[in-house]
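Take a look at the structure set out below.
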């Protein structure tokens, strides 16, 4: 593989390139390396980010991380919650409990984790050779040809590849080479923050994913960073929303806080508390206790009929950005990475490998994308007959066995079939 310069207009070539150094891109690099395939990852940020909040890693992905050799590193910094508990919005009455912990391992052969996003990113990064990730490389265009694909960077450099993987998020530059579609605003915003775990001593002995469902909105929280913090997300309608499409938004807007940097945590906490007035006092304590708060506008995109050309393919949020209601965004990116690397390892013909990857992954991710949209309506039912029916059915619907299609899926086996 030819060395690719950090700066300047020198042209280089490489066999496989990956755009984006987030979870999707880094997992792809680890999976490709395990498959005996070299790659270079191009990340636009000038340094590896340690910011971020929590995420849930479900058994369909945690088993893959173990197979990639990062399972022990993840286990050392993650939490294995005992259950998912769903509560009524106003008084906190528990509506359903999904057992996790040992029950999850027994059912699906792998744990359910909650963890800080940066901890997963660092676990992946440490397993890669120095020089795999090239920082400060912002891709501004992708040009496709039958035998090569070229990434054009903001510094004027261009690099041609046999295969290029677009892992560059919901505002993907790589996606533009395949589809001229729009991001879709969900109408929801999310207040997100981290709270020191000691703020809730009553929870320390029983780590759980805790959620509250109510009219038009919900809140979820869980321990992260080796149980040192509680990460929470509180979703609520955006009263300022005017359109479902967002072509003009800055590329980073969907991945980071939508608020102005001058907006104080105190004012955001007041806004969140006002939106959740009358809710379980535990929810309001989360807002009051957060040293910092961020505000996100929640976007996804409609499923695509295809993700690939003969030399370019998409992965993670670049391929199938999802709303967070099923907590599957990172998990599906991990599945993508393992399947893609297996397809490339097995096939002599790279265009055929990309077609097979797409055929294996697209039906599953489309189902989860649409299910995530539908879950928003179910979570946010107003009080009334439909809500009462939902609550009556929840203990059965939230039984662990009903997650077999999601948690029990074995991406590595699908790629070998």
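Values computed for the structure shown
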item	result
Single condition residue 169 does not satisfy, out of (1) at negative phi; (2) touching a residue at least 40 places away in the same chain (Cβ under 8 Å)	(1)
Within segment 145-204, tally of residues that are over 27 Å from residue 352 (Cα atoms) and part of a loop (DSSP other than H, G, I, E, B)	7
Complete set of residues in segment 269-294 that are buried (at least 17 other Cβ atoms within 10 Å of the Cβ), in contact with a helix residue (DSSP H, G or I) (Cβ under 6 Å, 6 or more places away or on another chain) and either farther than 21 Å from residue 200 by Cβ or in contact (Cβ under 8 Å) with a residue 24 or more places away in the chain (or both)	269, 272, 276, 287, 289, 293
Flag if residue 76 is loosely packed, with under 15 Cβ neighbours inside 10 Å and within 21 Å of the chain's Cα centre (by Cα)	yes
Of all residues in segment 38-71 being assigned to a loop (DSSP other than H, G, I, E, B) and touching a helix residue (DSSP H, G or I) at 6+ places or on another chain (Cβ under 6 Å), the one that is nearest to residue 152 (Cα to Cα)	39
Search result, residues across segment 68-96 that are closer than 22 Å to residue 212 by Cβ and free of Cβ contacts under 8 Å to residues at least 12 places away in the same chain	93, 94
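Residue-wise test of (1) free of Cβ contacts under 8 Å to residues at least 24 places away in the same chain; (2) surrounded by 20 or more Cβ atoms within 10 Å (Cβ to Cβ); (3) closer than 30 Å to residue 139 by Cβ.
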residue	(1), (2), (3)
17	no, yes, yes
35	no, no, yes
49	no, no, yes
66	no, no, no
98	no, yes, no
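We did not get these values from a lab; they are worked out from the coordinates using the rules stated. Fair warning: this is a prediction, and the values are worked out from it, not measured in the lab. As a convention, Cβ positions derive from the backbone with ideal geometry for all residues, glycine included, and neighbour counts pool all protein chains shown.
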